[in-house]
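Q: Got a structure here, written out as structure tokens. Questions coming.
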Amino acid sequence: MTGPVVEMRSVCKSYRRGDRELPVLKDISLCVEPREFLALMGPSGSGKSTLLNLMAGFDRPTSGTLVVAGRDLTRATGPELARWRAGHVGFVFQLYNLLPVLTARENVELPLLLANLSRAERRRRAETALALVALSDRLDHYPHQLSGGQEQRVAIARALVSDPPLLLADEPTGDLDAESAGEVLSLLDDLHRELDKTIVVVTHDPVAAARARRVVRLEKGVLSPQARVERRDEVLSAAP
Amino acid sequence: MKFFPLLLKNLLRRRRRAALTASSVAVCVFILVALVTLTTYMKNIIRETDSRLIVITRGRYSFLDPLPYAYRAKIEHVPGVVASNAVTLIIGTAGDKDEVVNGMALIPETYLDTGPQKEEIPPRDFDAFVRDRSAILVGPVMARRFGWKIGDTVTIRGSRYPVELRCRLVGYLTAEILSDYFAIHRSYLEEALGPDREPGVHFFPLKVESREAIPRVIGQIDALFANSAAETKSEPQRDFMMSLASLARNIRDVVLAMGLVIVLAIVLVVTNSMAISVRERTREMAVLKALGFTDGQVLKLVLGEAILLAMSGGVLGGAVSYAIFASSGFDLGSGPAGHFAVQPLALADGLALSLLIGVAAGSFPALHASRLRIVEALRWVR
Ligand SMILES: Nc1ncnc2c1ncn2[C@@H]1O[C@H](COP(=O)(O)OP(=O)(O)OP(=O)(O)O)[C@@H](O)[C@H]1O
Ligand SMILES: [Mg+2]
């Protein structure tokens, strides 16, 4: 793909609280290049999740332009946006968000139900994705039979299975112990290096941010250029 | 159809709730099947009653107030009456377990002329019935209930009259309306009761010479007994059947009204159950949408789940009604609607009702689910 994967120009996002407009993102311009691994940091409530959700096409900006994977998300209708999501972004949540009634394999298969694939093909791809996150031995386990780290890896497999160009993760290690967090981060690292995925991770954790090639800071809805850290060693030294 | 496994798994997640909800739909369907079956049965009875020249004379206020047997002679003198019978309804018990049986005592000789049905008794059986004063004719359902065969000696114990009637089974009553009834000789009942207790007559079926004569005959008979202790009401047989049926119809209307209320209540129950289940899954709905499911697909998933839930209840209810009505010959007690079978149409109606319940109950929660916005629903914590 030529051009940036994410191209945000003067994006504002505000939420309505009663009759008051509550600005959350103020004039954000940000590009994410193909094969980039970007970390988005910032204090709680600064709008990180809001920004990531916009990139994922979960919601539309209040103003500004947003083009992701070549598609202008500000102009897409609801169903168009849904179909676009199915093929172009993989999203990893802090709380995994696996469906409890489905096994690991079925959870990973879920996005493939939206594609035109045979049952056998869906199964095969789901198994491949689970092999990628080293969970081939947990295909038929239900989420409650898995550890947090394993659940998150299933969630990553689900995000990967339809081979989207862009992988978004909102505090993927926020609910994990240090060891599981390390595994998940290594996994993202591998996906970035070996599968050339473009990755944007929201994190509070400097260790997690250190895996990224570029770190961007958000403060009260504003990207602060002075806080932009370009190299990982600086992130670590900036950690409290 | 790709989504069916997901739909099924979601449904089975709360097994007990699903089972209870489905059962409530089953109750609903059961009521409907019973109603439709009953209605069809009554229609058949009225249709069976052909337009023969039969007039029924009965007590003015109720056919359950017996008339004196002596009326028969007076009625026979009314010009235009060509044959008459006198029917006494008998409620009794039979068998080892004292099961309730219904039947009638009548005058065998004129029964074929005045009976409610034309081909109700095979001629050979009828001859045997006329010849033997202690003979009994039995409907096939009753015969099956007690395992009686032709030639058996059967005993009917009267419940209103303290008598024991030992009879010889000589044949069957084949009319559907009489399938759970028996018929014996009036003279045999009189003999069993003794000279002091004359059995009252519940109705006199009469054969009239022509259709044109019917209104005059009816007027003359009822005038004959006007202002007496036991006034009469005469009407063509079809009307008589209709009045029996209308009694049942009144009951049915009440049941129908209650049934409607029950259906509404159950729609609310299922709606509530689905709404709770959707609410619990708010976050999951958001995740489905995040993965690329459209609002419409989410709507279909929830609606499909509600329909599946309701229709599994419908199948259950249909199966139960079939088992109850078809296998055992459901007994509505005394009265003409003693026995009936489930109509396939009634089962289809039951399934259609459950589908309707599913759609009605599922649409609101489904609409709610389809309108959930991802970013808000993702913040939803149980
Ligand atoms: N759907 C919404 N309606 C109203 N306000 C919202 C909504 N979503 C977010 N907000 C507000 O927007 C601001 C930014 O929220 P956001 O979730 O993006 O923060 P965050 O940086 O991800 O925080 P955290 O690190 O705690 O996850 C908060 O003040 C929040 O209350
Ligand atoms: Mg957040």
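Q: With chain A treated as a Gaussian network of Cα nodes joined by springs under 10 Å, which of A:Leu195, A:Leu187, A:Leu130 yields the largest mean-square fluctuation?
A: It is A:Leu195.
Q: Looking at the range A:76-208, I'd like the Rg to Rh ratio, where Rg is from alpha-carbon atoms and Rh is Kirkwood's inverse mean 1/r. List each step's numbers first, then the result.
A: Values: Rg = 14.1 Å, Rh = 14.8 Å.
Rounded to two decimals, Rg over Rh is 0.95.
Q: Shifting gears a bit: Using a simple charge model, +1 on the beta-carbon of Lys and Arg, -1 on the beta-carbon of Asp and Glu, nothing else, what dipole does the range B:54-235 show about its Cα centre, in debye to the nearest 20?
A: Values: 22 positive and 25 negative charges, 13 e Å.
Charge dipole, the range B:54-235, about its Cα centre: 60 debye, nearest 20.
Q: When Rg is the radius of gyration of the Cα atoms in the range B:54-235 and Rh is its Kirkwood radius, what does Rg/Rh come to?
A: 0.98
Q: Another one. Where Lys and Arg each count +1 and Asp and Glu each count -1, what net charge lies around A:Arg125 among other residues with Cβ under 9 Å from its Cβ? Intermediate results must be reported in sequence, preceding the final value.
A: Numbers: positive: A:Arg122, A:Arg123, A:Arg124; negative: A:Glu109, A:Glu121, A:Glu127, A:Asp163.
Charge balance near A:Arg125 sits at -1.
Q: Excluding B:Leu64 itself, what net charge comes from residues whose Cβ is under 14 Å from its Cβ, given Lys and Arg +1 and Asp and Glu -1? Present the calculation step by step, with values, prior to reporting the outcome.
A: On the way: positive: B:Arg58, B:Arg60, B:Arg160, B:Lys233; negative: B:Asp65.
Cβ neighbours under 14 Å give a net charge of +3.
Q: Taking A:Lys26 as the anchor, which aspartates and glutamates have their alpha carbon closer than 17 Å to its alpha carbon, excluding any fewer than eight residues away along the same chain?
A: Partners found: A:Glu7, A:Asp59, A:Glu219.
Q: Right, here's the next one. With an 8 Å cut-off on Cα pairs and a minimum separation of 6 or more residues, tell me the relative contact order of the range A:6-237 in percent. Let's see the in-between values first.
A: Numbers: 445 pairs, mean separation 63.6, N = 232.
Dividing the mean separation by the residue count of the range A:6-237 yields 27 percent.
Q: Follow-up. Nearest-5 percent of antiparallel DSSP beta bridges in chain A?
A: Values: 19 of 36 bridges.
Looking only at bridges with both residues in chain A, the antiparallel portion is about 55 percent.
Q: For chain B, what is the relative contact order in percent, using Cα pairs closer than 8 Å and at least 6 residues apart in sequence? Please list the in-between numbers first.
A: Values: 642 pairs, mean separation 102.4, N = 382.
Relative contact order of chain B: 27 percent.
Q: Along the positive direction of the dipole of chain A (beta-carbon charges: Lys, Arg +1; Asp, Glu -1; about the Cα centre), which of A:Leu52, A:Phe93, A:Val133 reaches farthest?
A: A:Leu52
Q: Another one. Structure shown: which of A:Lys197/B:Lys300; A:Lys48/A:Lys197; A:Lys197/B:Lys289; B:Lys97/B:Lys149 lie over 29 Å apart, alpha-carbon to alpha-carbon?
A: Working: A:Lys197/B:Lys300 33 Å; A:Lys48/A:Lys197 21 Å; A:Lys197/B:Lys289 22 Å; B:Lys97/B:Lys149 18 Å.
Those over the limit are A:Lys197/B:Lys300.
Q: With the convex hull built on the Cα atoms of the range A:62-110, state its orientation-averaged projected area in nm².
A: Working: hull surface 19.1 nm².
It is 4.8 nm².
Q: Now a separate question. Calculated from DSSP H runs of 4 or more alone, at -39500 (n - 2.57) each and per residue, what is the 222 nm mean residue ellipticity of chain B, nearest 500? Don't jump to the answer; show the numbers that get you there.
A: Numbers: 13 runs with 203 residues, N = 382.
Calculated from helices alone, the mean residue ellipticity at 222 nm is -17500 deg cm²/dmol.
Q: So which helices of chain B fit the span-like rule, where a helix is a whole DSSP H run, its Cα atoms reach 20 Å or more along the axis, and its mean Kyte-Doolittle is at least 0.5?
A: Working: long enough: B:15-48 (48 Å, 0.92); B:237-280 (62 Å, 1.15); B:295-322 (40 Å, 1.13); B:344-371 (40 Å, 1.17).
Those that pass (Cα extent of 20 Å or more, hydropathy at least 0.5) are B:15-48, B:237-280, B:295-322, B:344-371.
Q: Using every Cα-Cα pair within the range A:130-228, state what percent have a distance larger than 23 Å. Mind dumping the intermediate values first?
A: Values: 1393 of 4851 pairs.
When all Cα pairs of the range A:130-228 are counted, 29 percent exceed 23 Å.
Q: Based on C-alpha coordinates, I'd like the Rg and Dmax of the protein assembly as shown, in Å.
A: That works out to 40.3, 125 Å for Rg and Dmax.
Q: Can you give the FRET efficiency for B:Leu12 and A:Arg83, using 1/(1 + (r/R0)^6), R0 = 45 Å, r = Cβ-Cβ distance, to the nearest 0.05? Walk me through the numbers before you get to the answer.
A: Details: r = 29 Å, r/R0 = 0.65.
Taking R0 as 45 Å, the efficiency between B:Leu12 and A:Arg83 is 0.95.
Q: Using the Cα centre of the protein assembly as shown as the reference point, and only Cβ charges (+1 on K/R, -1 on D/E), how large is the resulting charge dipole? Debye, rounded to the nearest 20.
A: Working: 76 positive and 68 negative charges, 307 e Å.
It comes to approximately 1480 debye.
Q: Using Cα positions and a limit of under 21 Å, work out the lysines in reach of B:Lys207, with same-chain residues fewer than 8 apart set aside.
A: B:Lys74, B:Lys118, B:Lys233
Q: Taking just the C-alpha trace of chain B, give me its Rg and Dmax in Å.
A: Looking at chain B, its Cα Rg and Dmax stand at 29.0, 93 Å.
Q: A further question follows. Against the empirical 2.2 N^0.38 Å scaling, what ratio does the C-alpha Rg of the range B:162-307 come to? Provide the component values of the computation, followed by the final result.
A: On the way: Rg = 31.1 Å, N = 146, 2.2 N^0.38 = 14.6 Å.
Against the empirical 2.2 N^0.38 Å value, I get 2.13 for the range B:162-307.
Q: With θ set to phi - 60°, apply the Karplus curve 6.51 cos²θ - 1.76 cosθ + 1.60 along the range A:201-213 and write out the HN-Hα couplings as whole Hz, x wherever there is a Gly or Pro.
A: Per residue, the Karplus-derived 3J(HN,Hα) values read 10, 8, 8, 9, 8, x, 5, 5, 4, 5, 6, 6, 8 Hz.
Q: If you don't mind, there's one more thing I want to ask. Determine ³J(HN,Hα), in whole Hz, for all residues of the range A:146-156 in sequence, where each value follows from phi through the Karplus function 6.51 cos²θ - 1.76 cosθ + 1.60 and θ = phi - 60°; x replaces Gly and Pro.
A: After applying 6.51 cos²θ - 1.76 cosθ + 1.60, I find 10, 6, x, x, 5, 4, 5, 5, 4, 4, 5 Hz.
Q: Positive end of the charge dipole of chain B (Lys, Arg +1 and Asp, Glu -1 on Cβ, about the Cα centre): tell me which of B:Gly318, B:Leu303, B:Val201 has its Cα farthest that way.
A: B:Leu303
Q: Name the residue farthest towards the positive end of the dipole of the protein assembly as shown from the options A:Ala120, A:Pro164, B:Ala369, assuming +1 on Cβ of Lys and Arg, -1 on Cβ of Asp and Glu, about the Cα centre.
A: Of the listed residues, the answer is A:Pro164.
Q: Using the crude model of +1 on Lys and Arg Cβ and -1 on Asp and Glu Cβ, and no other charge, please compute the dipole size for chain A relative to its Cα centre, in debye to 20. Walk me through the numbers before you get to the answer.
A: Numbers: 32 positive and 32 negative charges, 155 e Å.
Charge dipole of chain A: 740 debye, to the nearest 20.
Q: Take every Cα-Cα distance within chain A, group them into 5 Å bins from 0 onward, and report for each bin the whole-number percent of pairs it holds.
A: That works out to 1, 7, 14, 18, 19, 17, 12, 8, 4, 1, 0, in percent per bin.
Throughout, read-outs are computed from the coordinates displayed, never taken from laboratory work. Computed from a prediction, not measured in an experiment: that's the story for all the values here. Virtual Cβ from ideal backbone geometry, glycine too; neighbours counted across all protein chains shown.
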